[in-house]
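A.B. asks: Sending over a structure as C-alpha cells; questions will come in a sec.
The values are calculated or read from the model by the stated rules, or taken from the named source; none is laboratory data. All values derive from a computational prediction rather than experimental measurement. Because the Cβ atoms are built from the backbone with ideal geometry, glycine has one as well, and the counts that use them run over all protein chains shown. Accessible surface is based on the protein model in full, side chains and every heavy atom, while ligands, DNA and RNA are left aside. Shrake-Rupley method; radii C 1.70, N 1.55, O 1.52, S 1.80 Å.
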Amino acid sequence: MQPIVDWLLLGSFYAAVALGFSLVWGIMNIINLAHGVFIITGAYIAYQVATNLHLSPFLALFFSMGMLFALGWIIQYGIINRVIRGPLLVTFLLTFGLELLLTDTLQNLFTSDNRFINSTIEGAGINLGSAHISLVRFISAAIAIVLTAALAAFLSRTRLGNAILATGMDRDAARLMGIDIRQIYALTFAISAALAGAAGALLGQMQAFYPTRGELFTLRSFAIVVLGGLGTPWAVVAGGMVFAFIETFLPVVLPRVGVGYENAVAFAVFVIVLLVRPTGLFGKAFYSQ
Amino acid sequence: MSANLSPPTASETILELQHVTKRYGGLPAVDDVSFAVQRGEVLGVIGPNGAGKSTMVSLIGGSAAPTSGKVLFQGQAINTLPPHRRAHLGIGRTFQLTQPFTGLDIRENVMVGAFFGRRGLSRSQALHVADEVLARVGLAHKATLKGDQLTVADRKRLEVARALAMDPRILLLDEVMAGLTPAEVTDAIELIRSINRDGVTVLVVEHIVRAIASVSDRVLVLHHGRKIAEDTPDTVLSDPKVIEAYLGERYAKQKQAEKDPAQPASEWMEGLA
Amino acid sequence: MPRETSSTASNSPVAGSGPASGDATTTRAGRGWLWSLLGGLVILGGIAAIPTLGSDTLTSNWTIITMYIVLAQSWNFIGGFTGYSAFGNVTFFGIGAYAVAVSFLSNPKVISPYDPQRPQQFFIGLLAGVVISAIFAFLIGLPTLRLKGHYFAIATLGTSVAVEEIVTQRDVAGSGGLASPPFPPLSLHIAFYYGFVALALVCLLLTTWLARSKFGYALVAIRENEQAAQTLGIATTWYKVGAYVLSAIPTAIAGGIYAYYSSGFEPATVFTSSISVTMVLVTFLGGSGTVLGPIIGAIIFEYASQQFALSSGQATSVFGYHFGSDTLLGVAIIIVAIALPQGLVRVVQEFTRRPVAGGAGASGNSRANQFVEGVRRVRKFIAANGI
Ligand SMILES: Nc1ncnc2c1ncn2[C@@H]1O[C@H](COP(=O)(O)OP(=O)(O)O)[C@@H](O)[C@H]1O
Ligand SMILES: [Mg+2]
C-alpha cells in the first residue's frame with residue numbers, strides 16, 4: 001500500500017517538474033537545459049520568502065512563480081528569440097549556457113550547502129490503512145494536478161492559449177494571422193519558467209536542494225516527456241506516473257540499483273523508450289487541443 | 001532467359017509489387033497494390049492528391065517500409081533492404097518535396113550521386129559525371145550556386161540530375177514537372193524520352209495528364225491507395241471509372257486549358273489537386 | 001515553401017537566410033583546404049615553440065589550450081562534419097583518463113616510482129582507453145545515432161552523466177572514483193605538452209583529409225540531408241558510427257594524457273558536462289565543419305578564460321569550473337550563440353567574399369565600398385537566426 005501511495009504522489013509531483021519543459025519543447029521546439037536550474041531557483045525563492053517573511057511555503061510558491069515568470073520572459077524576449085531560427089544545436093547550446101550562468105549565480109548567492117524549506121505542516125499526515133500520507137506531499141501532488149488542469153484549460157479555452165497552440169503548429173501561418181510571435185514565445189517561456197518555479201517551491205519542502213541539483217531535474221524532465229509524449233499537458237502526468245513507477249519499484253526488483261543511480265536510471269529509461277517508441281508511450285507529435 | 005534483350009520487344013519484369021500495403025496509423029496510404037514494370041518501358045502513375053503515389057515511390061526506393069506485401073527488383077525481394085542498398089542495385093528516385101544538400105553547390109550535389117551511387121569512381125571522375133549530367137538537364141550554368149538558391153523548377157531538375165548521376169536501371173520520378181511552364185514541360189518530356197532511349201526504365205508519377213499520356217507506354221491509376229486501372233494511356237484516360245474517380249468534372253476544365261495555351265500548365269494541375 | 005529566387009538566383013551570391021551549415025564546404029572546393037592546412041601548421045608550429053620561451057606558467061597554460069584544440073577537433077568530426085549534436089563527448093575523455101589510472105593501479109608489483117615498467121603502464125592504459133572508447137562509441141552510437149536532433153543531443157549528454165555516476169558508485173580507481181594513482185614523477189614535464197601538440201597535428205591532418213575524402217563527402221551529405229544521402233547510395237549508419245568512433249579516439253588519448261598530467265582527479269572533473277559543452281562552444285566560435293575553426297576557437301576561448309581567471313584574482317586551476325569560470329563559460333556561450341553561430345572562420349569568409357562580377361550587389365570597386373559591403377553582409381549573416 002505504502003509504495004503505491006508514494007508512487008502516485010511522486011508521479012504527480014513529477015508532472016509539475018516536467019510540465020513547463022514539455023510546453024517549451026512542444027511549442028518552440030527548444031530543449032531548455034536550464035529548466036532544472038529554474039526549478040532550483042524557484043526552490044531558493046520560496047525558501048527566502050518562507051524564511052524571511054514567515055509565510056507558508058505554499059504561499060511562497062506564488063512568489064517563485066511570479067519571479068520566474070519575469071525571468072523567463074526576459075530570457076526568451078531578450079536572448080532566445082535572437083537565435084530561435086538557428087540550428088537546433090545553437091538553442092541547445094544557449095540554454096546550456098544559461099544553465100551554467102544561473103547555477104553559478106545561485107552558488108555565489110547561496111553557497112552550495114544543502115537547503116530545505118521547513119513547512120509548518122511538516123510531519124502532519126493522514127493514515128490510510130497501512131499507508132501514511134504526508135500532508136506536504138499530498139498538497140504538493142494536488143497543486144501539481146491543479147497546475148496541469150489550469151495549463152490545459154488555458155491552452156484550449158482562452159484566446160491567448162489558442163494563439164500559443166497556433167504558433168506551435170505553424171509559426172508562419174500564425175504570423176500571417178496577426179499573432180506577434182515574439183510576444184507569444186516570450187509568454188510561453190515565461191509560463192514554463194513559472195511552472196518550474198512552482199515545482200521548485202514544492203520540491204524544497206520534500207527534499208534537500210543545492211545549486212547543482214538542477215541537472216538531474218532536466219534529465220528527469222526529458223525522460224518524463226519522452227515517456228508521455230508531447231501531446232497535451234495530461235501526457236506529462238502520464239509520463240510522470242510511469243517514471244515515478246520505475247523509480248519507486250525498480251529498487252524493489254533490483255535492490256542494488258537503488259540509491260545513487262538516479263541519473264543512470266533516468267537516462268536508461270529515456271534511451272530505451274526512444275528506441276522502442278520514438279513518439280512516447282502515449283504521445284502525439286505536437287501540442288494540440 | 002530472354003533471347004532478345006532490346007527494350008521494345010523484350011518483356012522482362014524489372015520491378016514488381018505484390019500486394020503491397022502501407023498503413024500510417026490504421027489508414028492505408030497504399031492499399032494492396034500489385035503491378036509489374038517491364039524493363040525499358042515508361043510507366044506513368046497518376047492519381048489525385050493523397051492517392052498514395054509518393055508513398056509508393058518511397059516503398060520502392062526504401063525510405064518507407066511496406067506494412068505487408070513484397071517489392072521485387074530483378075526478381076529479388078528488396079522490401080527489407082535499406083535505401084542505399086537499393087540505390088546500389090540501380091534504383092534512383094527523386095523527391096516530390098525536393099531534398100537538396102543545401103550547403104553544397106549544385107555540382108557537388110550531383111557529384112555525390114555519382115560518387116556513392118556508382119562503384120569505383122574517383123573524385124574527379126564523379127565530378128566529370130556531374131558536369132555531363134548537369135549539361136543534360138540544363139543546369140550547367142548554375143553549377144556553382146548553393147542547393148537552396150534554386151527556383152522550384154531548378155530544384156526539380158537537380159533532383160533528376162542527382163538520380164541520373166547514379167546511372168540507375170530504373171528511375172522513379174515523383175512529380176518532377178509540377179510547377180513548370182508548358183515550354184519547360186515539353187523539355188522535360190523530351191528529357192525523359194532521351195533517358196528512356198538510353199535503356200533506363202522510368203516510372204513517372206505526375207499530375208499533368210497531358211505529359212503522362214504523351215510520354216508513357218502504359219499508365220497506372222491510383223485512387224485512395226488502390227490501383228483502379230492499368231493500361232495504355234488512351235484506354236485509361238477514356239475509362240469511365242477513371243474519369244469518374246479521378247478526373248470527374250475537372251476533365252472538362254483540362255480540355256479547356258489545353259485550348260488556351262497562355263494558361264500555364266500549373267494552373268490546371270492545381271485544378272486537379 | 002521553397003523560396004522563389006527566380007531571375008536573381010543566378011547572379012546574387014547572398015542567400016536570403018544564412019543556412020545553418022553555411023559555407024562549411026568552402027574548404028572542399030578549390031585550393032581552400034591547402035591554405036587551411038598551412039594556416040593550421042603555422043599555428044601548431046607557433047604553439048610548439050612556446051616552451052622555448054622558458055616560462056612555466058605559459059607552458060602549462062598552453063598545455064590546456066592545446067588539449068582543448070584536440071577535443072574541439074575531435075568533436076568536429078561528429079558535430080561539425082556529420083552535424084550530429086554530440087553533447088557527451090566528455091565520456092570518452094573520462095574513459096581515457098580512468099583507463100590510464102586503472103592501468104597504473106593494476107600493477108601493484110611495481111613499487112619503486114623509478115621502475116622502468118612504469119612508462120609502459122602509461123601506454124598500456126592509453127591503448128586500453130582508446131580501445132574501450134572506440135568500442136563504447138560504437139555500441140552507444142549504433143542505437144543513438146538513429147535518433148535525430150534534440151534526442152541525440154540529450155542521449156549523449158545523458159551518457160556522460162550516467163557513466164560518471166557509475167564510475168563514482170562502482171569506486172573505479174578509488175573510493176568514489178577518486179583517482180590518485182602512483183604516477184611516477186616525470187622528469188620531462190614537457191612530454192605532456194608535446195603529446196598534446198602531436199595529437200593536435202594528427203587531428204589537423206585527419207580533418208584536412210576528411211575535408212577532401214569520400215568519407216568526408218558522405219558525412220557532409222548526411223549533415224546536409226540524411227534522407228537524400230541514403231537515397232543516393234550512402235550507407236549512412238556506418239558512416240555516422242565511423243565518425244563517432246573517429247571522434248572518440250583522440251578524445252580518449254587526450255583524457256589519458258590529462259590523467260597523468262593532472263596526477264589525480266575525480267569523476268566530477270573528467271566527466272563534467274562543462275568539458276563537453278566547451279568542445280561544442282569553441283568549435284562553434286571558430287566555425288564548425290571547418291579545418292581551422294576548432295583550432296582558432298579553442299585558442300581564443302581558452303586563452304580568454306585563463307586571462308579572466310587571472311585578472312579576477314583566482315587561482316588558475318586546470319578545470320577551474322568552481323567559481324566564476326562557469327559564469328564566464330555561460331556568458332561566452334550566450335554571446336557566441338547570438339552573435340557568432342556561424343563561427344569566426346565563416347564570418348571572415350563572408351566578409352572577404354567578392355560579389356560575382358556584374359552582380360547586383362557589387363557597388364563600385366573602391367576599398368571603402370568593399371569594406372562597407374562586407375560589413376553589411378556580415379551583419380545580415382549574424383542576424384539570420386532571430387525572429
Ligand atoms: N509519413 C506519413 N505519415 C502519415 N501519413 C502519411 C505519411 N506520408 C503520407 N501519408 C498519407 O498517406 C496518403 C498518401 O500520401 P501521398 O503518398 O503523399 O499521396 P500522393 O503522392 O499521391 O499525393 C495521404 O493521405 C497522406 O496524408
Ligand atoms: Mg505526392
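A.B. asks: Kindly list, by first and then second residue, each pair from a residue in segment A:81-104 that is at the interface with another protein chain (Cβ under 7 Å from one of its Cβ atoms) and closer than 14 Å to residue A:215 by Cβ to a residue that is at pLDDT 90 or above and open to solvent by 10 Å² or more (accessible area, probe 1.4 Å), limited to pairs with Cβ atoms under 9 Å and residues at least 6 apart or on different chains.
C.D. replies: Here the result reads A:98/A:75; A:98/A:79, each pair linking segment A:81-104 to a residue that is at pLDDT 90 or above and open to solvent by 10 Å² or more (accessible area, probe 1.4 Å).
A.B. asks: I would also like to ask the following. Taking only pairs six or more apart or across chains, which ones have beta-carbon atoms under 6 Å, a first residue in segment B:15-37 that is in a loop (DSSP other than H, G, I, E, B), and a second residue that is within 16 Å of ligand 2 (Cβ to nearest atom) and open to solvent by less than 60 Å² (accessible area, probe 1.4 Å)?
C.D. replies: none
A.B. asks: Among the residues that make up segment A:160-170, is at least one of them hydrophobic (A, V, I, L, M, F, W, C) and at pLDDT below 90? Talk me through it step by step, then tell me what you get.
C.D. replies: We begin by selecting, within segment A:160-170, every residue hydrophobic (A, V, I, L, M, F, W, C); these are A:160, A:163-166, A:169.
After this cut, where a residue has to be at pLDDT below 90 as well, the list is A:169.
There is at least one residue in segment A:160-170 that is hydrophobic (A, V, I, L, M, F, W, C) and at pLDDT below 90.
A.B. asks: If I ask for residues that are within 22 Å of the chain's Cα centre (by Cα), within 11 Å of chain B (Cβ to nearest Cβ) and among the small types (Gly, Ala, Ser), which ones from segment C:215-267 would you list?
C.D. replies: C:216, C:218, C:221
A.B. asks: Out of (1) touching a residue at least 24 places away in the same chain (Cβ under 8 Å); (2) at the interface with another protein chain (Cβ under 8 Å from one of its Cβ atoms); (3) surrounded by fewer than 24 Cβ atoms within 10 Å (Cβ to Cβ); (4) over 30 Å from residue B:208 (Cβ atoms), what's the single condition that is false for residue B:119?
C.D. replies: (2)
A.B. asks: Output the residue which, of all residues in segment B:14-31 that are charged (D, E, K, R) and open to solvent by 40 Å² or more (accessible area, probe 1.4 Å), is farthest from ligand 1 (Cβ to nearest atom).
C.D. replies: B:16
A.B. asks: While we're looking at this one, here's another question. Select from segment A:66-75 the residues that are open to solvent by less than 20 Å² (accessible area, probe 1.4 Å) and more than 11 Å from every other protein chain (Cβ to nearest Cβ) and write down the one among them that is nearest to residue A:211 (Cα to Cα).
C.D. replies: Once the filter is applied, the top-ranked residue is A:68.
A.B. asks: Answer with yes or no whether residue B:58 is within 15 Å of ligand 1 (Cβ to nearest atom), free of Cβ contacts under 8 Å to residues at least 40 places away in the same chain and on the phi < 0 side of the Ramachandran plot.
C.D. replies: Details: within 15 Å of ligand 1 (Cβ to nearest atom): yes; free of Cβ contacts under 8 Å to residues at least 40 places away in the same chain: yes; on the phi < 0 side of the Ramachandran plot: yes.
The answer is yes for residue B:58.
A.B. asks: Taking residue B:138 as the residue in question, decide whether it is outside the structural domain of residue B:192 (by TED's automatic domain parsing) and under 21 Å from residue B:180 (Cα atoms).
C.D. replies: Criteria met by residue B:138.
A.B. asks: Of all residues in segment C:144-178, which are closer than 20 Å to residue A:224 by Cα and open to solvent by 40 Å² or more (accessible area, probe 1.4 Å)?
C.D. replies: Once the filter is applied, which keeps residues that are closer than 20 Å to residue A:224 by Cα and open to solvent by 40 Å² or more (accessible area, probe 1.4 Å), segment C:144-178 yields C:148, C:151.
A.B. asks: While we're looking at this one, here's another question. Kindly indicate which of B:152, B:110, B:133 is within 11 Å of chain C (Cβ to nearest Cβ) and modelled with pLDDT of 90 or more.
C.D. replies: Numbers: B:152 fails: modelled with pLDDT of 90 or more; B:133 fails: within 11 Å of chain C (Cβ to nearest Cβ).
None of the other options fit; the residue is B:110.
A.B. asks: Pick from segment B:61-97 the residues that are in contact with a helix residue (DSSP H, G or I) (Cβ under 8 Å, 6 or more places away or on another chain) and within 16 Å of ligand 2 (Cβ to nearest atom): which of them is most open to solvent (accessible area, probe 1.4 Å)?
C.D. replies: B:96
A.B. asks: Filter segment C:275-299 down to residues that are open to solvent by less than 10 Å² (accessible area, probe 1.4 Å) and part of a helix (DSSP H, G or I), then give me how many there are.
C.D. replies: 15
A.B. asks: Every residue in segment B:98-130 that is within 16 Å of ligand 2 (Cβ to nearest atom) and in contact with a Lys or Arg (Cβ under 7 Å, 6 or more places away or on another chain), please.
C.D. replies: Result: B:98, single match.
A.B. asks: Looking at this structure, is residue A:31 part of a helix (DSSP H, G or I) and either more than 8 Å from chain C (Cβ to nearest Cβ) or crowded, with 23+ Cβ neighbours inside 10 Å (or both)?
C.D. replies: No, not satisfied.
A.B. asks: Of all residues in segment A:181-229, how many are within 13 Å of chain C (Cβ to nearest Cβ) and under 11 Å from the mean Cα position of the chain (by Cα)?
C.D. replies: Counting residues in segment A:181-229 that are within 13 Å of chain C (Cβ to nearest Cβ) and under 11 Å from the mean Cα position of the chain (by Cα) gives 9.
A.B. asks: Among the residues of segment B:32-51, write down those that are open to solvent by 10 Å² or more (accessible area, probe 1.4 Å) and within 16 Å of ligand 2 (Cβ to nearest atom).
C.D. replies: Those that are open to solvent by 10 Å² or more (accessible area, probe 1.4 Å) and within 16 Å of ligand 2 (Cβ to nearest atom): B:48, B:49, B:50.
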